[in-house]
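What follows is a single structure, written as structure tokens, with notes after it.
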Amino acid sequence: MGSITNLEIYAKENNVPIIQKEGLNFLIEYIKQNNVKTILEIGTAIGYSSINMALVSDDIQITTIERNEKMYKQAIKNIKDFNLENRINVIYGDALDTVVQGKYDLIFIDAAKAQYIKFFEKYKQNLQMSGTIITDNLNFHGFALHPEEIHSKNLKALVQKINNYKDFLINNKEFQTVFYEIGDGIAVSKYNKMD
């Protein structure tokens, strides 16, 4: 049987970015309170978030996409260790090229930050009308809040893209978004109710 602690140790030792504890607790609580049963995750990494989400309730089904082969293989192994292979389907591929069928209660975006707008636009068609898109890592270790403190050109460009994504959400007429200063910054987006 797998252990969450072992996943956290593996992530730390191998520099695998996983959701912060605060963010994870928020996600789990959201799934419980909103009776979420189907989840699409963009960015599996080692399967840490998927496994934690699946453990909330034994009738939750998850589809998750990972483009890094090493991470994908590790996620498959970890999911098997938790006997969750029947409930978590891992797709190996780039999320921008992957075609996913069906509608989901929750779409969780935690992947290449520079592509967040593209992910959102591509996968909103897979969201139930009553569903939610949750995006993690919007403060990017605090850099997005204080871009003036960044000296690396690449990091500056990435932070600019994260801030562009925030603006995209704020100005999006189709969705209403609430931002939470939890973990590394979380956005919760729902379809605007039509009158």
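The values are calculated or read from the model by the stated rules, or taken from the named source; none is laboratory data. What you are looking at is a predicted structure, and each value in this text was computed from that prediction instead of being measured. Cβ: placed from backbone, ideal geometry, glycine included. Neighbour counts: every protein chain shown.
Among the residues of segment 162-193, those that are among the basic types (Lys, Arg) and closer than 28 Å to Pro17 by Cα comprise Lys166, Lys190. Here Ser49 qualifies as of a type outside the set (D, E, K, R) and surrounded by 21 or more Cβ atoms within 10 Å (Cβ to Cβ).
When residues in segment 101-119 are screened for being in contact (Cβ under 8 Å) with a residue 60 or more places away in the chain, crowded, with 17+ Cβ neighbours inside 10 Å and either of a type outside the set (Val, Ile, Thr) or part of a helix (DSSP H, G or I) (or both), 8 of them pass.
All told, Gly93 falls short of being on the phi > 0 side of the Ramachandran plot and in contact with a helix residue (DSSP H, G or I) (Cβ under 8 Å, 6 or more places away or on another chain). Selection of first residues in segment 14-41 that are polar (S, T, N, Q) and of second residues that are at pLDDT 95 or above, restricted to Cβ pairs under 6 Å at least 6 apart or on distinct chains, gives the following pairs, ordered by first then second residue: Thr38/Gln61; Thr38/Tyr104; Thr38/Asp105.
Taken over segment 181-195, the criterion of being out of contact with any Leu (no Cβ under 7 Å at 6 or more places or on another chain), closer than 20 Å to Asp105 by Cα and not charged (D, E, K, R) is satisfied by Val188, Tyr191, Asn192, Met194. Taking the criterion of being modelled with pLDDT of 95 or more, surrounded by 15 or more Cβ atoms within 10 Å (Cβ to Cβ) and in contact with a strand residue (DSSP E or B) (Cβ under 7 Å, 6 or more places away or on another chain), would at least one residue in segment 12-28 satisfy it? Yes, that holds for at least one residue. Screening Ser3 against (1) exposed (fewer than 14 other Cβ atoms within 10 Å of the Cβ); (2) at pLDDT below 95; (3) within 27 Å of Gln115 (Cα to Cα) leaves a single unmet condition, (3). The residue list Ile65, Ile46 contains one member that is within 15 Å of Val16 (Cβ to Cβ) and touching a residue at least 12 places away in the same chain (Cβ under 8 Å), which is Ile46. The one condition from (1) at pLDDT 90 or above; (2) over 26 Å from Glu69 (Cβ atoms); (3) outside any loop (DSSP other than H, G, I, E, B); (4) among the polar types (S, T, N, Q) that Asn172 does not meet is (3). Within segment 67-81, the presence of at least one residue that is farther than 22 Å from Gln176 by Cβ, modelled with pLDDT of 95 or more and among the small types (Gly, Ala, Ser) is confirmed. Residues that are of a type in the set (A, V, I, L, M, F, W, C) and in contact with a helix residue (DSSP H, G or I) (Cβ under 6 Å, 6 or more places away or on another chain) were ranked within segment 97-137; the one that is nearest to Asn171 (Cα to Cα) is Ile117. Look at segment 167-180: where a residue is closer than 18 Å to Ala114 by Cα and a partner is in a helix (DSSP H, G or I) and not aromatic (Phe, Trp, Tyr), sitting 6+ places away or on another chain with Cβ atoms under 6 Å, you get Phe168/Ile117.
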